[in-house]
Amino acid sequence: MARPRGTAAPRATRRPGTAAGALTELAAAHDCWRTILTATTEESLAEPIGPRAGHYADATRRSFVLHVLDELIHHSAEAALMRDLYAASRGTADRAPGVGA
């Protein structure tokens, strides 16, 4: 799964210091990932990842895609939990998006 020509990988820079900065970084990473997936053929998903993946060289590209999606779900749930706990600790849980809905 190579990046399509003309698309740049998100650059690892300093951690964003604000929620807005984090959302900007997240959007850039999502756009890059979506572009790669859109350009990936069904046939290539059945191919092994290859030596670049080290111990996982024999795993399929499809399994890698599923792993990334699993990580996205997992870490999104953690972020939502932290948001909700923070809102509850400040007594603003009823005003936080999605809390108590």
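State all residues of the range 46-61 that are surrounded by 11 or more Cβ atoms within 10 Å (Cβ to Cβ), within 21 Å of the chain's Cα centre (by Cα) and either modelled with pLDDT under 95 or not aliphatic (A, V, I, L, M) (or both); if no residue qualifies, say none.
Listed by number, the residues that qualify are Ile49, Ala53, Tyr56, Thr60, Arg61.
Please enumerate the residues belonging to the range 39-67 that are among the basic types (Lys, Arg) and without any contact (Cβ under 8 Å) to a residue 60 or more places away in the chain. Please lay out each step first, then the result.
From the range 39-67, those among the basic types (Lys, Arg) are 52, 61-62; that's our starting set.
Across the range 39-67, the qualifying residues are Arg52, Arg62.
Is the range 72-94 home to any residue that is modelled with pLDDT of 90 or more, of a type in the set (Val, Ile, Thr), part of a helix (DSSP H, G or I) and at negative phi?
Checking the range 72-94: not a single residue is modelled with pLDDT of 90 or more, of a type in the set (Val, Ile, Thr), part of a helix (DSSP H, G or I) and at negative phi.
The values are calculated or read from the model by the stated rules, or taken from the named source; none is laboratory data. Please read these numbers as outputs of a predicted model, since none were measured by experiment. FYI the Cβ positions are ideal-geometry reconstructions off the backbone, even for glycines, and counts take in every protein chain you see.
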